[in-house]
1. Please verify whether Asn53 is at pLDDT 80 or above and more than 30 Å from Val13 (Cβ to Cβ), treating the condition exactly as stated.
2. Among what's in segment 56-99 and is of a type in the set (Lys, Arg) and within 20 Å of the chain's Cα centre (by Cα), pick the residue that is modelled with the lowest pLDDT.
3. Checking the structure you have, find out if any residue of segment 26-49 is at pLDDT 70 or above, touching a Ser or Thr at 6+ places or on another chain (Cβ under 7 Å) and surrounded by 10 or more Cβ atoms within 10 Å (Cβ to Cβ).
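The values are calculated or read from the model by the stated rules, or taken from the named source; none is laboratory data. Because the structure is predicted, anything quoted here is derived from the model rather than measured. For neighbour counting, all protein chains shown are included, and Cβ atoms are generated from backbone atoms with ideal geometry for every residue, glycine included.
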Amino acid sequence: MFCSKCKALMYPVDDSFVCKKCGFKKKKSGSNVVVTKQEKKEVTIIENKEITNILPKTRIKCPKCENNEAFWILRQMRGSDEPESRFYTCTKCSHKWRED
């Protein structure tokens, strides 16, 4: 529903719609009005100690210790028309390197 005064989007609050821009209120009417409330989302914080439990592993040679296994992640470093970069972390010595 849009505000009849300022044409901004109105939000459901209790038994009415309220415009957050100008404060205009309008009572809810009709049987087609459905309001859903979202519960608070839970956020998981991952500490460096737990990285071994979540990151994928691959077989690649570490340039520092020559271990053959590393964790990897992908990151978009440049524009969306460029390919992403792959970052590796050695499972043995924790050396980090990048592959474009």
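1. No; evaluated as a whole, the condition is false for this residue.
2. This residue is Arg78.
3. yes
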